[in-house]
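So the structure is just underneath, and the comments pick up after that.
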Amino acid sequence: LVGSFQIPFRYYKPNSDLKGKNASIIQQTDILPTVLEYLNYDESYNAFGESAFDTLADKNAYMYSSQIYQILNDSLMLSFDQKETIGVYNYKKDVFLQTDIKDENNPVNTLLENKLKAVIQAHHRAMINNQLVDPN
């Protein structure tokens, strides 16, 4: 179920303006870009995540388990078996993932599948070409 892998995370800096709560989708790969943005780091680096402070970034989380890839946005979870979408669920309204909405012709389903395929491709290409780290 969605939420099975939640990790509470807190950024802390004493006497800073870093206050508030961010309820958007954030994943572990977002930690590095978030910290580097907060530190005003302006050198190049490789990361699959986005800064949690970037309010314009499209927030998604990606997972892989038992040969199934998943992508989550603010309300939908799409499961992909490396060939096709096998399920789409509105996890906000359907917490037990009982109602598959993959066949509802929602353009968001296609968008999520394409984003997921792009991340899979980028990750595989980086692994094959040993490009997961910045050569500098």
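The values are calculated or read from the model by the stated rules, or taken from the named source; none is laboratory data. Note that this is a predicted model, so its numbers are computed, not measured. Please note: Cβ atoms are built from the backbone with ideal geometry, for glycine as well, and neighbour counts cover all protein chains shown. Just so you know, the surface numbers come from the protein's heavy atoms only, side chains and all, with ligands and any DNA or RNA stripped out. Shrake-Rupley method; radii C 1.70, N 1.55, O 1.52, S 1.80 Å.
Tabulated values for the structure
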item	result
Failed item in (1) at positive phi; (2) outside any loop (DSSP other than H, G, I, E, B), with I31 passing the rest	(1)
Count - residues of region 60-83 that are closer than 24 Å to M127 by Cβ and either of a type in the set (A, V, I, L, M, F, W, C) or surrounded by 14 or more Cβ atoms within 10 Å (Cβ to Cβ) (or both)	12
Failed condition for N46, given (1) touching a Ser or Thr at 6+ places or on another chain (Cβ under 7 Å); (2) in contact (Cβ under 8 Å) with a residue 40 or more places away in the chain	(1)
Filter result (within 22 Å of P8 (Cβ to Cβ) and open to solvent by 60 Å² or more (accessible area, probe 1.4 Å)) within region 40-59	F48, E50, F53, T55
Boolean, D94 is open to solvent by less than 90 Å² (accessible area, probe 1.4 Å), over 30 Å from N130 (Cβ atoms), in a loop (DSSP other than H, G, I, E, B) and in contact (Cβ under 8 Å) with a residue 12 or more places away in the chain	no
Options I26, I31: the member that is within 13 Å of the chain's Cα centre (by Cα), among the β-branched types (V, I, T) and buried (at least 18 other Cβ atoms within 10 Å of the Cβ)	I26
Subset tally (residues that are more than 14 Å from L76 (Cβ to Cβ) and hydrophobic (A, V, I, L, M, F, W, C)) for region 102-136	9
All positions within region 34-75 that are part of a loop (DSSP other than H, G, I, E, B), over 13 Å from the mean Cα position of the chain (by Cα) and not aromatic (F, W, Y)	L39, N40, D42, E43, S44, N46, D54, T55, L56, S66, Q67
Search result, residues across region 97-136 that are surrounded by 14 or more Cβ atoms within 10 Å (Cβ to Cβ), basic (K, R) and assigned to a helix (DSSP H, G or I)	K115, K117
